[in-house]
Amino acid sequence: MKAAVFKEVGQPLVLESVADPAPEPCELVMKVSFCGICGTDLHATREGLTTACCDQILGHEYVGEIVEVGKEADTSWKIGDRVCAMPFIGCGRCLPCAAGRFFECADKKVSGVDDPGGFAEFVTTGSRETILLPDELDLQSAALVEPLAVGIHAVRVADVKAGSRVMVIGAGPIGLAVALWCRFFGAREVVVSEVTKTRAALAKTMGATAVIHPDLESGAEALLQQFSDVTGGAPDVIFECVGAPGLLQQCIEMAPYGGKIIPVGVCEQPDAIMPFFGLVKELRIQFAIAYTRDDFDTCVAMLGEGRIDVSPMVTDIVSLDDLPNAFEALRMPSHQCKVLAKMS
């Protein structure tokens, strides 16, 4: 099969012909239709805590059709089933696996990290971690289930209540997914803070009740003032969806007494905070990452029923042949939000 392969830091992905995947007894083989490019994929191709190994096939936001079923997989799976899948393939024997929390499995393997991912014509998935798509859900929309699941998981962790005032820092795919789910669950105010004008405009179509533009030199006080001017008060919950050093401290400074801060953005650099400020306000800081099986199931159901619309997030669709160039282009800020690679 053809795949886009990571070779080394500082070099574009390379198109290669590699062996077709063979499923383990409890796995499936999916013919990939679409695979999204994620910020995590970009992180994996530069020096840092999550740098990928040479010859890794990245990509974990994939959808497609089943073309092979492992001999010990659930017999309900059929060739031709349209599916998406969680990239965490668990052992199937531990308590987290039994509860659908595959990310917590100590013996998991992860597609696109330590197992071949979806930047290829075919990929293996776990039969327990694969979700059948409803007939009414198109594959292009289903390709956004994974980032949607990250967003809904963060909102569930925050326990956003109807009537809440919410600030979302960053209007990338995850920030937009968080904004969407906050509105879905009844937040009264969902204010997105975003520097880029094109992404700020996109936020208004994805659930934001207002958009504010941070002044990078003025800091937390000025941003909080903007929020208060729009909503009439301080945010009950702040979602940090960028992952840049310094933002967590800004969130601590902006949060009111008893407020909640949910860091969702991936920050791989050392960061400094002043705990005293959080202490005297009795803040609650809850990190959120990944998702559960129920998060995935909910996203699929809501998309299938037409209760949410993610089409504005897809700003470009490229072929597998064009994937390396599109991948490199995303290293610099642009109008792009979610870029999908169409494999077939």
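Brief remarks on what is shown
- The residues of the range 256-288 that are among the small types (Gly, Ala, Ser) and touching a strand residue (DSSP E or B) at 6+ places or on another chain (Cβ under 6 Å), listed by number, are 265, 288.
- When the helices (runs of 4 or more DSSP H) confined to the range 50-167 are screened for residues that are open to solvent by less than 10 Å² (accessible area, probe 1.4 Å), those reaching at least 2 such residues are found at 145-158.
- For the range 276-298, filtering for residues that are touching a residue at least 60 places away in the same chain (Cβ under 8 Å), within 16 Å of residue 178 (Cβ to Cβ) and assigned to a loop (DSSP other than H, G, I, E, B) leaves 5.
- Across the range 306-319, the qualifying residues are those that are of a type outside the set (Ser, Thr, Tyr) and assigned to a helix (DSSP H, G or I), and the one among them that is most open to solvent (accessible area, probe 1.4 Å) is 312.
- Residues in the range 42-62 that are modelled with pLDDT of 95 or more and over 14 Å from residue 3 (Cα atoms): 1 in all.
- For residue 47: the one exception among (1) in a loop (DSSP other than H, G, I, E, B); (2) in contact (Cβ under 8 Å) with a residue 40 or more places away in the chain: (2)
- Residue check, residue 303 surrounded by 21 or more Cβ atoms within 10 Å (Cβ to Cβ), closer than 26 Å to residue 120 by Cβ and out of contact with any Cys (no Cβ under 8 Å at 6 or more places or on another chain): yes
- The range 17-38 - residue that is within 23 Å of residue 316 (Cβ to Cβ), assigned to a strand (DSSP E or B) and not hydroxyl-bearing (Ser, Thr, Tyr) and, of those, nearest to the chain's Cα centre (by Cα): 36
- Subset tally (residues that are within 25 Å of the chain's Cα centre (by Cα) and either open to solvent by less than 30 Å² (accessible area, probe 1.4 Å) or free of Cβ contacts under 8 Å to residues at least 12 places away in the same chain (or both)) for the range 231-245: 7
- Pair list, Cβ under 6 Å, 6 or more apart: the range 161-182 residue farther than 17 Å from residue 337 by Cα, other residue hydroxyl-bearing (Ser, Thr, Tyr) and at pLDDT 95 or above: 165/231
- Residue match in the range 5-13 (condition: more than 13 Å from residue 120 (Cβ to Cβ), surrounded by fewer than 16 Cβ atoms within 10 Å (Cβ to Cβ) and without any contact (Cβ under 8 Å) to a residue 40 or more places away in the chain): yes
- Each residue in the range 21-49 was checked for being open to solvent by 50 Å² or more (accessible area, probe 1.4 Å) and in contact with a strand residue (DSSP E or B) (Cβ under 6 Å, 6 or more places away or on another chain), and 1 of them qualify.
- The residues in the range 190-230 that are among the hydrophobic types (A, V, I, L, M, F, W, C) and either closer than 14 Å to residue 250 by Cβ or open to solvent by 20 Å² or more (accessible area, probe 1.4 Å) (or both) can be counted, and the count is 12.
The values are calculated or read from the model by the stated rules, or taken from the named source; none is laboratory data. This is a predicted model, so every value here is computed, not measured. We place every Cβ from the backbone using ideal geometry, glycine too, and count neighbours over all the protein chains shown. Ligands, DNA and RNA are excluded from the accessible area calculation, which covers all protein heavy atoms including side chains. Shrake-Rupley method; radii C 1.70, N 1.55, O 1.52, S 1.80 Å.
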